[in-house]
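To start, the structure itself, in structure tokens.
The values are calculated or read from the model by the stated rules, or taken from the named source; none is laboratory data. As the structure is a computational prediction, the values presented were derived from the model and not from experiment. For neighbour counting, all protein chains shown are included, and Cβ atoms are generated from backbone atoms with ideal geometry for every residue, glycine included. Accessible surface is based on the protein model in full, side chains and every heavy atom, while ligands, DNA and RNA are left aside. Shrake-Rupley method; radii C 1.70, N 1.55, O 1.52, S 1.80 Å.
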Amino acid sequence: MRTGLKITAFAAAAAATFGTAYGVGSGVSPVTAARQPAPEHGGHAEQAAAPAANALPGGLQVSERGYSLDLEKDRLPGTRGELRFTIRKDATGKPVTSYEKENDKELHLIVASRDLSAYRHLHPVRAADGTWSTPVSLPKAGDYRVFADFRPHGEEEGLTLGAGLGVAGTYTPEPLPGHAARAAVGDGYEVRIEGALRPGAARELTLDVYKDGRPVTDLEPYLGAYGHLVALRSGDLAYLHVHPHDGRPGPGVSFTATAPSAGTYRLFLDFKHDGEVRTAAFTVHAA
Ligand SMILES: [Cu+2]
């Protein structure tokens, strides 16, 4: 349940900060907001649902808790290019150059298309002046959202900032695939999902990895875990980052996830096997 608690605490911090940003002003330290007690977990579902209803998930804002995501260019001339950006401290306008590592990295960058058909999980390189950069190769033109998931040095909670990215060219938005319990990943890999999301309540999800119909029991650690799961809410691309709560190398990797609201979510699981990182995607309804 640790992960679930952490996510709920983050949601509470986000809600507290939202109130700060639009109510009191910038005089309240984001650290103070982050330290506000997390709602009690493990009680009955109605108690858990109440705070979550007003909590703001990550990724919806380009600026939050005193930090801003500054994309050097919010457009790419084509599907291949370089993303460059800076995380700035709003108070000084200066780039953040000191981070706490989370899952082996100072910053995780997710790039997802607005229709949720394209997904990339990247690890940019930081220059000494605080500028982050990474090559990016996308499958098609269109409207994208870039998510920076990081924890500045000295902050107790990480945050996720989101910014729009346009990729020039013509494209046709794709409909979100319907719910299916299995996802083909290519090269004979298939991932099966068990469990359901419920708004405002922590729920366990298990993703089982198979290769050629047989369970995979020797998943390789990737960034300190056997799987990384990102959930994006369809419609506004609210971002939920969840981590596994056990250390088994397969076939089942379990997560605790709390959907902030009713809705449809697209789940992206990154796992590593035979030296390669692969991604399985699922559509899950929370109701
Ligand atoms: Cu990452």
For segment 178-198, how many residues meet the condition of being open to solvent by 60 Å² or more (accessible area, probe 1.4 Å) and part of a loop (DSSP other than H, G, I, E, B)? 2
Within segment 91-125, work out how many residues are at pLDDT 95 or above, open to solvent by 70 Å² or more (accessible area, probe 1.4 Å) and over 22 Å from residue 140 (Cβ atoms). 4
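Condition test on residue 205, is it within 16 Å of the ligand (Cβ to nearest atom), assigned to a strand (DSSP E or B) and surrounded by 21 or more Cβ atoms within 10 Å (Cβ to Cβ)? So that I can check it myself, show each step before the final result.
Values: within 16 Å of the ligand (Cβ to nearest atom): no; assigned to a strand (DSSP E or B): yes; surrounded by 21 or more Cβ atoms within 10 Å (Cβ to Cβ): yes.
Answer is no for this residue.
Return yes when residue 264 is closer than 23 Å to residue 114 by Cβ and within 16 Å of the ligand (Cβ to nearest atom) and no when it is not.
So residue 264 does not fit the description; no.
Let's see how each residue does on (1) closer than 26 Å to residue 236 by Cβ; (2) of a type in the set (A, V, I, L, M, F, W, C):
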| site | (1), (2) |
| --- | --- |
| 102 | yes, no |
| 109 | yes, yes |
| 127 | no, yes |
| 130 | no, no |
| 136 | yes, yes |
| 143 | yes, no |
| 146 | yes, yes |
| 160 | yes, no |
| 165 | yes, yes |
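How many of the residues in segment 241-287 are outside any strand (DSSP E or B) and either open to solvent by 40 Å² or more (accessible area, probe 1.4 Å) or not assigned by the TED database to the domain that holds residue 192 (or both)? Steps first, answer last, please.
Of the residues in segment 241-287, the ones outside any strand (DSSP E or B) are 243, 245-251, 260-262, 274-275, 287.
Applying the additional criterion that residues be either open to solvent by 40 Å² or more (accessible area, probe 1.4 Å) or not assigned by the TED database to the domain that holds residue 192 (or both) yields 245-249, 262, 274-275, 287.
Result for segment 241-287: 9.
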Just to be sure before I move on: is residue 88 assigned to a strand (DSSP E or B), within 26 Å of residue 66 (Cβ to Cβ) and not hydroxyl-bearing (Ser, Thr, Tyr) in the structure I sent? yes
Within segment 232-240, is even one residue touching a Ser or Thr at 6+ places or on another chain (Cβ under 9 Å), assigned to a strand (DSSP E or B) and farther than 23 Å from residue 160 by Cα? no
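Can you tell me which residues in segment 121-158 are among the β-branched types (Val, Ile, Thr) and more than 16 Å from the ligand (Cβ to nearest atom)?
Applying the first criterion (among the β-branched types (Val, Ile, Thr)) to segment 121-158 yields 125, 131, 134, 136, 146.
If the condition is that a residue be among the β-branched types (Val, Ile, Thr) and more than 16 Å from the ligand (Cβ to nearest atom), then 131 is the only one that fits.
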Does residue 215 count as surrounded by fewer than 17 Cβ atoms within 10 Å (Cβ to Cβ), farther than 24 Å from residue 113 by Cα and away from the ligand (no atom under 16 Å from the Cβ)? yes
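Is it the case that some residue within segment 157-171 is free of Cβ contacts under 8 Å to residues at least 60 places away in the same chain, outside any loop (DSSP other than H, G, I, E, B) and open to solvent by 10 Å² or more (accessible area, probe 1.4 Å)? Walk me through how you get there before you give the answer.
Restricting attention to segment 157-171, the residues satisfying the condition of being free of Cβ contacts under 8 Å to residues at least 60 places away in the same chain are 170-171.
Next cut, outside any loop (DSSP other than H, G, I, E, B) only: none.
No - not one qualifying residue is present in segment 157-171.
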